[in-house]
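Asks: A single structure is presented below for examination.
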Amino acid sequence: MEWSWSVAYDVMPRLAAGLIVTVQATLVGALVAYVLGLALAILKMSPYRLVAWSSYWSSEFVRRTPLLVQLYFLFYVLPDLGIFLEPFAAGVIGLGLHFSTYTSEVFRAGIENVPKGQWEAARSLNYSTIQTWRHVVLPQAIPPMIPPLANYLITMFKETPLLAAITVVELFNAANIYSNSHYKYLEPMTLVGTFFLLVSIPAAALAIRLENAFRRKA
Amino acid sequence: MFAGTRAQAVNADLRGQMQNIIEFQDVSKSFGSLQVLDDLNMHVVPGEKLALIGPSGSGKTTILRILMTLEDISAGEILLDGEPLWHEMRGGKRVRASEHHLRKMRDGVGMVFQQFNLFPHLTATENIEQPQVLTHRKSKAAAREKAAEMLSVVGLVDKRDHYPHQLSGGQQQRVAIARALAMDPKIMLFDEVTSALDPELVEEVLNVLRKLAEETDTTMLTVTHEMNFARDFADRVLFFEKGKIVEAGSPEDIFTNPKEERTRSFLRKFLTGIN
């Protein structure tokens with residue numbers, strides 16, 4: 001087995017295109033995970049038992065089943081029900097839905113850490129429920145959530161190769177397609193790993209710095 | 001800014017003609033099996049300054065929290081300016097108050113908490129400004145002007161751009177007082193506002209309250225363990241025990257000539273520092 005620079009150069013443009021798709025899938029997926037996660041957290045804390053209970057269990061259901069199975073479901077099963085999704089759309093919905101069950105726990109913990117006295121002060125000043133959330137609770141709850149949410153972003157980034165299973169040509173799949181047609185695996189796969197490291201190591205370092213910054217403030 | 005004087009507000013001649021601003025009618029409150037208020041009847045006239053004293057767990061704080069609608073009641077009725085607080089009439093029937101009704105009633109009531117409960121992400125000025133803008137739909141400029149006025153009432157103009165964590169406990173509590181006052185409530189509730197403070201910071205807060213009691217015609221209820229303050233502040237003192245009023249009277253009656261043995265023994269413990 002010998003490293004060939006010409007293979008490496010040959011595959012590089014495809015990998016670069018794949019990396020862009022990977023980053024896009026990560027960012028859009030994360031956006032879905034954050035928005036859905038926040039909604040899920042609020043539902044889980046609902047004073048209405050049925051709402052709290054059903055959102056808790058649907059979240060558990062999604063969390064305790066594999067992302068790969070969920071992606072297959074979205075892409076290959078939903079068309080039987082007449083719902084056709086583009087591979088990329090199915091991918092970011094799956095990724096976002098799956099990770100929203102994790103981020104919802106981050107949101108829930110952050111919200112529950114806002115002291116009861118803050119809610120009572122808002123009520124004594126006659127804030128509506130929406131005003132209380134928007135102007136009192138979330139501005140206090142969100143800053144400490146940023147480091148764990150950044151960590152989930154990195155995790156999602158590393159999970160994107162699963163989208164290859166539903167034909168998304170992201171970084172890994174770009175390499176895989178090349179490898180399968182040229183029977184060259186060493187260079188493409190080494191480069192895929194390197195690309196992931198090049199992004200995730202600085203990102204992880206940044207997340208640690210964020211975490212320290214918020215710990216100092218607290 | 002402050003209309004009228006304390007003397008006018010509690011003038012005995014007026015008292016007979018004035019409608020009670022607060023009226024408790026057979027109010028009971030339990031938390032599970034614990035009965036905190038037991039068939040309580042009391043009334044407050046407009047402008048009156050009331051001090052609620054008594055041992056911990058006697059229900060004093062619960063009275064304030066019920067008036068602020070932070071706790072509901074188990075039985076009875078409370079009237080604010082003659083209007084039921086915890087009930088409303090709908091379709092000719094007396095039903096439990098909706099959030100809409102509570103919001104309307106809450107508008108005339110303000111509260112200062114033991115733990116200050118300032119919004120930590122806002123400066124002193126913003127803490128006072130935001131509720132006026134959000135709740136009373138005031139313009140930002142008008143709210144800011146009012147905030148400046150209130151900060152000068154509590155003597156903190158120079159701290160207007162400080163965040164709560166940059167202020168001492170006493171200063172935070174004075175900002176909290178300014179925040180509540182800026183909403184122009186007819187009724188102000190002070191819940192053990194100096195209990196969380198270091199001893200050397202207590203007086204600066206109590207002096208603000210003494211001044212307010214003297215200069216405003218706002219109705220004020222304070223729960224306190226500071227007996228000297230209660231004497232200066234109050235027109236009337238209520239001594240509570242186990243959810244009932246044991247004795248009520250002028251500060252002179254309660255502190256100098258208490259009639260009830262239980263009042264005497266409470267005050268004795270207090271003055272010798274056992275409680």
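The values are calculated or read from the model by the stated rules, or taken from the named source; none is laboratory data. Here the structure is a predicted model, which means the values were calculated and not measured. Glycine also receives a Cβ, built like all others from the backbone with ideal geometry; neighbour counts cover every protein chain displayed. For accessibility, only protein heavy atoms count, side chains too; no ligands or nucleic acids. Shrake-Rupley method; radii C 1.70, N 1.55, O 1.52, S 1.80 Å.
Asks: Considering only protein heavy atoms, what is the solvent-accessible area of A:Met45 at a probe of 1.4 Å, reported in Å² to the nearest 10?
Replies: Approximately 60 Å² of A:Met45 is accessible to the 1.4 Å probe.
Asks: Continuing with this model, one more query. Starting from 0.36 nm per residue, how many nanometres of slack lie between B:Glu83 and B:Glu261 once their C-alpha separation is accounted for?
Replies: Gain on extension, B:Glu83 to B:Glu261, equals 60.4 nm.
Asks: PRE reach from A:Met1 (point 7 Å along Cα→Cβ): which of segment A:159-184 fall under 20 Å by backbone N?
Replies: In segment A:159-184, the label zone of A:Met1 (backbone N under 20 Å from the point 7 Å along Cα→Cβ) covers A:172-184.
Asks: Using a 1.4 Å probe and ignoring any ligands, DNA or RNA, find the accessible area of A:Ser46 and quote it in Å² to the nearest 10.
Replies: 30
Asks: Next question, about the same structure. In whole Hz, with x marking every Gly and Pro, tabulate ³J(HN,Hα) for segment B:161-172 from phi via Karplus 6.51 cos²θ - 1.76 cosθ + 1.60, θ = phi - 60°.
Replies: 9, 7, 7, x, 5, 8, 10, 6, x, x, 5, 4
Asks: Follow-up question, since we're still on this one. Report the accessible area of B:Lys140, computed with a 1.4 Å probe over the heavy atoms of all protein chains in place, in Å² rounded to the nearest 10.
Replies: 130
Asks: For the protein assembly as shown, go through all pairs of different Cα atoms, get the mean of 1/r, take its inverse, and jot down that Kirkwood value in Å.
Replies: Evaluated over the protein assembly as shown, this radius sits at 27.0 Å.
Asks: Right, another one. When only Cα pairs under 8 Å and 6 or more residues apart are kept, what is the percent relative contact order across chain B?
Replies: Once normalised by length, the contact order is 25 percent.
Asks: Over 29 Å between Cα atoms, which of B:Lys29/B:Lys93; B:Lys29/B:Lys140; B:Lys140/B:Lys186; B:Lys93/B:Lys242 qualify?
Replies: Too far apart for the 29 Å limit: B:Lys29/B:Lys140; B:Lys93/B:Lys242.
Asks: Return the long-range amide H neighbours of B:Phe190 (sequence gap of 5 or more, or a different chain), with a cut-off of under 5 Å between placed amide H atoms.
Replies: Counting only residues 5 or more places away or on other chains, the set is B:Val112, B:Leu221, B:Thr222, B:Val223.
Asks: Another question about this same structure. For A:Ile154, A:Ile111, give the ranking by accessible area with the largest first, probe 1.4 Å.
Replies: A:Ile154, A:Ile111
Asks: Now, a different point. Take the eigenvalues of the Cα gyration tensor for segment A:23-172, scale each by 5, and report the square roots as semi-axes in whole Å, largest first.
Replies: With the √(5λ) rule applied to segment A:23-172, the semi-axes are 33, 17, 12 Å.
Asks: Once you put a point 7 Å from the Cα of B:Gln166 and another 7 Å from the Cα of A:Asn180, both along the Cβ direction, what distance in nm separates them?
Replies: Once both label points are built, they end up 6.1 nm from each other.
Asks: Given the -39500 (n - 2.57) contribution per DSSP H run of 4+ residues, what per-residue ellipticity at 222 nm results for chain B, rounded to the nearest 500 deg cm²/dmol? Don't skip to the end; give the middle numbers.
Replies: Values: 10 runs with 99 residues, N = 275.
The helix-only estimate for chain B comes to -10500 deg cm²/dmol at 222 nm.
Asks: Do you know the relative contact order of segment A:23-172, to the nearest whole percent, from alpha carbon pairs under 8 angstrom that are 6+ apart?
Replies: Values: 163 pairs, mean separation 51.4, N = 150.
RCO, segment A:23-172: 34 percent.
Asks: Shifting gears a bit: Which residue, A:Asn173, A:Asn113, A:Asn151, has the most motion in a Gaussian network model of chain A that connects Cα atoms within less than 10 Å?
Replies: Of the options given, A:Asn113 has the highest mean-square fluctuation.
Asks: Averaged per residue, what accessible area in Å² does the protein assembly as shown show with a 1.4 Å probe, protein chains only? Walk me through the numbers before you get to the answer.
Replies: Details: 24040 Å² over 493 residues.
Value returned for the protein assembly as shown: 49 Å² of accessible area per residue.
Asks: With a 10 Å cut-off between alpha carbons and a GNM built on chain A, which of A:Thr101, A:Thr129, A:Thr160 moves the most?
Replies: Evaluated over chain A, the most mobile residue of the options is A:Thr129.
Asks: Restrict the search to segment A:54-109; then list the trypsin sites (Lys or Arg not before Pro) that DSSP places in a loop and that have at most 12 other Cβ atoms within 10 Å of their Cβ.
Replies: Qualifying residues, ordered by number: A:Arg64.
Asks: Rg and Dmax of chain B over Cα atoms: what are they, in angstrom?
Replies: That works out to 18.7, 57 Å for Rg and Dmax.
Asks: Further question on the same structure: Once phi is turned into ³J(HN,Hα) by the Karplus curve 6.51 cos²θ - 1.76 cosθ + 1.60 with θ = phi - 60°, what whole-Hz value does each residue of segment A:58-64 show in order, with x for glycine and proline?
Replies: 5, 5, 4, 4, 5, 5, 8
Asks: Right, next: Between A:Leu74, A:Leu85, A:Leu97, which gets the highest mean-square fluctuation from a Gaussian network model of chain A, Cα cutoff 10 Å?
Replies: Of the options given, A:Leu85 has the highest mean-square fluctuation.
Asks: Given N residues in segment B:118-191, what is its alpha carbon radius of gyration divided by 2.2 N^0.38 Å?
Replies: After normalising by residue count via 2.2 N^0.38 Å, the value is 0.99.
Asks: Still on this structure, I have one more. Could you put A:Trp3, A:Trp57 in order of accessible surface area, largest first, with the 1.4 Å probe and the full protein assembly present? Walk me through the numbers on the way to the answer.
Replies: Details: A:Trp3 85, A:Trp57 135 Å².
If we order A:Trp3, A:Trp57 from most to least accessible, we get A:Trp57, A:Trp3.
Asks: Would you compute, from DSSP H runs of 4+ residues alone, the mean residue ellipticity of chain A at 222 nm, taking -39500 (n - 2.57) per run and dividing by the full residue count, rounded to the nearest 500?
Replies: Working: 8 runs with 162 residues, N = 218.
Per the formula, -25500 deg cm²/dmol.
Asks: At what distance in angstrom do the alpha carbon centres of segment B:149-179 and segment A:74-106 lie from each other?
Replies: 50
Asks: Additional query: Rounded to the nearest percent, how much of the accessible area of the protein assembly as shown (1.4 Å probe, protein heavy atoms only) is carbon and sulfur?
Replies: On the protein assembly as shown, the fraction of accessible area on carbon and sulfur atoms equals 59 percent.
Asks: Once fully extended, how much extra length lies between B:Glu252 and B:Asn207, figured as 0.36 nm per residue of separation less the alpha-carbon to alpha-carbon distance? Could you put the intermediate results ahead of the total?
Replies: Numbers: separation 45, 0.36 × 45 = 16.20 nm, distance 2.01 nm.
Gain on extension, B:Glu252 to B:Asn207, equals 14.2 nm.
Asks: Any idea what the relative contact order of segment B:63-180 is, in percent, if you count C-alpha pairs under 8 Å spaced at least 6 apart?
Replies: Relative contact order for segment B:63-180 comes out at 23 percent.
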